[in-house]
1. Under the condition of being of a type in the set (A, V, I, L, M), more than 9 Å from chain B (Cβ to nearest Cβ) and more than 15 Å from B:GLY22 (Cα to Cα), which residue from the stretch A:57-77 is surrounded by the fewest Cβ atoms within 10 Å (Cβ to Cβ)?
2. If I ask for residues that are among the aliphatic types (A, V, I, L, M) and surrounded by 16 or more Cβ atoms within 10 Å (Cβ to Cβ), which ones from the stretch B:129-140 would you list?
3. Filtering the stretch A:79-101 down to residues that are within 11 Å of chain B (Cβ to nearest Cβ) and open to solvent by less than 40 Å² (accessible area, probe 1.4 Å), which residue is farthest from A:ILE128 (Cα to Cα)?
4. So the check is Cβ under 8 Å with 6+ separation or different chains; which pairs have a first residue in the stretch B:74-88 that's over 23 Å from B:SER110 (Cα atoms) and a second one that's outside any loop (DSSP other than H, G, I, E, B) and among the hydrophobic types (A, V, I, L, M, F, W, C)?
5. Looking at (1) in contact (Cβ under 8 Å) with a residue 24 or more places away in the chain; (2) of a type outside the set (A, V, I, L, M); (3) touching a Lys or Arg at 6+ places or on another chain (Cβ under 7 Å), which is the only condition B:GLU59 fails?
6. For the stretch B:133-147, how many residues are modelled with pLDDT under 85 and outside any loop (DSSP other than H, G, I, E, B)?
7. Which condition from (1) crowded, with 24+ Cβ neighbours inside 10 Å; (2) on the phi > 0 side of the Ramachandran plot; (3) not β-branched (Val, Ile, Thr) is the one that A:PRO54 breaks?
8. What are the residues in the stretch B:107-124 that are surrounded by fewer than 19 Cβ atoms within 10 Å (Cβ to Cβ), in contact with a strand residue (DSSP E or B) (Cβ under 9 Å, 6 or more places away or on another chain) and without any contact (Cβ under 8 Å) to a residue 12 or more places away in the chain, if any?
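The values are calculated or read from the model by the stated rules, or taken from the named source; none is laboratory data. Computed from a predicted model, the values in this text were never measured in an experiment. We place every Cβ from the backbone using ideal geometry, glycine too, and count neighbours over all the protein chains shown. When the accessible area is computed, the model is the full protein with side chains, heavy atoms only, and any ligands, DNA or RNA have been set aside. Shrake-Rupley method; radii C 1.70, N 1.55, O 1.52, S 1.80 Å.
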Amino acid sequence: MKRWIILLPPVLLGGFFVISGGLKLAAPEEFYRAVLRYRMMEGEAAWAVALLIPWLEVLAGGFLFLRAWRKASALVILALLFVFEAILASAFLRGLDIECGCLGSGGGTSVGMAFVRNLFLIAAGLTILRTDHTSDEAAP
Amino acid sequence: MGKAFLPWGPTWFYLSGMSTFGRVVLLLALTLLAAIGHGLYLGPVPEEAALDSWSVSLEAARGLPNPLWVDSRPESAYATAHLPGAIRLDFDNWDQALGDLLLEWDPDRSVIVYCSGNGCESSQAIAARLREELGVDSIFWLEGGWSKLRHGDHAL
């Protein structure tokens, strides 16, 4: 397969997560409010999540650009996406009419739209795992 | 070590002997360190940011005695349709609309602000500013906003 086709999913997925994490880091209180809107946690737990998730997005997204780290980063991002899908489904089932909070304050994406978008991101993550043949002992 | 995919950076950074599991653990540890550092820098939980405690569901809103409704949607949306008696108030027409609101409002009357619904947050911001300027607590924003008012289970 052509190299640029193999590089497309990690670049798109990594870019998305670096930007989405960066926007959240720029306005941590906004994201804290977004976490609260899901009504699953509050106080210190919500504040901890509001700080952990953006850093995880930025680091895992950024490391997707490095070949040796691609598989590990893709695994972390896929885990994040699967957990988030479950949370979005739970928000939908509980009838929460909220903004997903995925891209900082300016996203304006509903829970349903975020759920569908995540399916594409999951597909990109799985593609990376399938096409990345860097074995554990391989060089970068 | 193949250099084809290593255009830059010191080689130790790539930790070529490390397993994928090791890299995942290291990535999570780096995240934790960064978040702890960030948390120490920002300080304690920003309780004032927890605007959600000021939200009210439509069902709960119906239980409030004679609430005063505030519409924070754009003028065109308000002109098309709005809740009867709702006063349109946003940050652009603040001074004039606040005057209209004060003619109707008394401190015993709850105020409920709504915006268009999915994802809009102007109702939260307007309700927060009203609480600040009027100096009372019973000013809420409506969960789901206008779309809930029009199409919700307890639509008015």
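1. Per the criteria, the residue is A:ILE77.
2. Hits for the stretch B:129-140 are B:LEU130, B:LEU134, B:ILE139.
3. Here the answer is A:LEU96.
4. Matching pairs, first to second residue: B:ALA77/B:TRP146.
5. (3)
6. Residues meeting the conditions: 1.
7. (2)
8. Answer for the stretch B:107-124, where residues must be surrounded by fewer than 19 Cβ atoms within 10 Å (Cβ to Cβ), in contact with a strand residue (DSSP E or B) (Cβ under 9 Å, 6 or more places away or on another chain) and without any contact (Cβ under 8 Å) to a residue 12 or more places away in the chain: just B:GLY119.
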